[in-house]
Amino acid sequence: MAQTYRVREFAALAGVTAKTLRHYDRIGLLRASRTQAGYRVYTGDDLVRVQHIAALKLLGFSLSAIRRVFESGALPLREALRAQRAAARWRNWPDGMRRWVAYTYGMHVTTWERVMELIEAAGAA
């Protein structure tokens with residue numbers, strides 16, 4: 001059986017608040033499993049999903065847009081990156097991030113690994 005985590009424990013592991021996890025559950029973005037007593041519990045797969053949510057938020061996606069991305073199974077970067085290029089913060093992005101965005105701009109879809117590359121590039125800057 002996979003390891004499970006209660007809300008506060010998982011929130012600390014994921015780097016978000018318990019309130020955020022409850023909100024994600026309420027809006028259908030991250031559905032927690034439930035114990036027999038009704039407590040929310042999370043798994044390692046849920047941690048990956050939280051990381052995906054964080055990556056998409058970094059790119060400027062709204063929570064409702066992120067939910068649509070998960071439902072469709074595709075990551076439509078063209079629209080997100082077009083909006084990001086126009087954003088004021090674009091000027092302040094490190095060169096590595098701007099190069100990554102320019103590289104992926106022409107793609108209709110990308111992989112989660114590529115999204116994580118962006119986050120790692122942001123952390124290295």
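Working only within region 25-44, note down all residues that are touching a residue at least 40 places away in the same chain (Cβ under 8 Å) and not small (Gly, Ala, Ser). I'd like the intermediate steps shown before the answer.
First, pick out the residues of region 25-44 that are touching a residue at least 40 places away in the same chain (Cβ under 8 Å): 27, 29, 43-44.
Residues satisfying the conditions are 27, 29, 43.
Looking only at helices (runs of 4 or more DSSP H) that fall completely inside region 1-68, which ones have 3 or more residues that are in contact with an Asp or Glu (Cβ under 8 Å, 6 or more places away or on another chain)?
Values: elements: 7-14, 18-26, 44-58.
Hits in region 1-68: none.
No lab work stands behind these numbers, since they all come straight from the coordinates. These numbers come from a predicted model, not from an experiment. Glycine also receives a Cβ, built like all others from the backbone with ideal geometry; neighbour counts cover every protein chain displayed.
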